[in-house]
């Protein structure tokens, strides 16, 4: 663990943790060993509105973005900006297309990120309205969207978000061991107050 992450919560592979943020709080998600990531969500997160609001902001048209970048926002179902993407120190993308995996897709029945996040937030899985997959890469073809390509992630890479109001969020470390090029690992998550 790096000195900067000494006060971080370790989110182990195949687990999730809940975090309460106040207005101005900054949540940082770091990969200590350069492994791939997981998912992030908060109560009320809406992927479709996030894609559309950021598309309008960026292009001035009703376009959709596949991933968010520094300076963009995560939105709720009303299109209100809830979190700002503060920093992206990684080659991986912050995907707002994928829904997160779930228990039924695994032969061994292990919980997927949707299961882990819903349990951490204390809500039913069907109540999850959006997920953001991080430290991933993507490719678009005429037939499909592949958001789970491996990305060149380095030890210490991180992403951070700044809360624009109080929220309840959760971070999961991906449980998948079968995606080609995917190397799951533990994450370090820290929350700092608005003055930090």
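Every read-out reported here was derived from the displayed coordinates using simple, explicitly stated rules and does not represent laboratory data. These numbers come from a predicted model, not from an experiment. Cβ coordinates were reconstructed from backbone atoms using ideal geometry, including for glycine residues, and neighbour counts include every protein chain displayed.
Please identify, among 159, 123, 27, the residue showing maximal mean-square fluctuation in a Gaussian network model of the chain using a 10 angstrom Cα cutoff.
Ranking 159, 123, 27 by mean-square fluctuation puts 123 first.
Would you mind calculating the relative contact order of the range 71-196 from Cα pairs under 8 angstrom and at least 6 residues apart, reporting the percent as a whole number? Can you show the working numbers first?
On the way: 181 pairs, mean separation 36.0, N = 126.
Averaging sequence separation for qualifying contacts and normalising by length gives 29 percent for the range 71-196.
Express in nm, to one decimal, how much length is gained between residue 33 and residue 140 on full extension, taking 0.36 nm for each residue of separation and deducting their alpha carbon distance. Let's see the in-between values first.
On the way: separation 107, 0.36 × 107 = 38.52 nm, distance 2.81 nm.
Extending this stretch completely gives an extra 35.7 nm.
How many nm is it between the label spots at residue 103 and residue 126, if each spot is 7 Å from the Cα in line with the beta carbon?
1.4 nm
Can you bin the range 16-177 into rounded, prolate or oblate? Criterion: square roots of the alpha carbon gyration tensor eigenvalues sorted a ≥ b ≥ c, rounded for a/c under 1.5, prolate for a/b above b/c, oblate for the rest. Intermediate results must be reported in sequence, preceding the final value.
Values: a/c = 1.24, a/b = 1.12, b/c = 1.11.
In terms of gyration-tensor shape, rounded.
Any idea how far the Cα center of the range 155-196 sits from the one of the range 35-107, in Å?
First find each Cα centre; the distance between them is then 13 Å.
With each run of n ≥ 4 DSSP H residues scored as -39500 (n - 2.57), what mean residue ellipticity at 222 nm is computed for the chain after dividing by its residue count and rounding to the nearest 500 deg cm²/dmol? Before the final figure, lay out each step's value.
Details: 2 runs with 22 residues, N = 196.
Mean residue ellipticity at 222 nm (helix-derived): -3500 deg cm²/dmol.
When you take every Cα atom in the range 1-85, what is the radius of gyration, and what is Dmax, the widest Cα pair distance, in Å?
14.9, 44
Counting other C-beta atoms within 10 Å, which of 127, 142 has the fewest, and how do the rest follow? Can you show the working numbers first?
Details: 127 11, 142 4.
Placing the least packed residue first, the sequence is 142, 127.
Can you tell me which of 14, 181, 37 moves the most in a GNM of the chain? Springs connect C-alpha atoms under 10 Å apart.
Top of the fluctuation ranking is 181.
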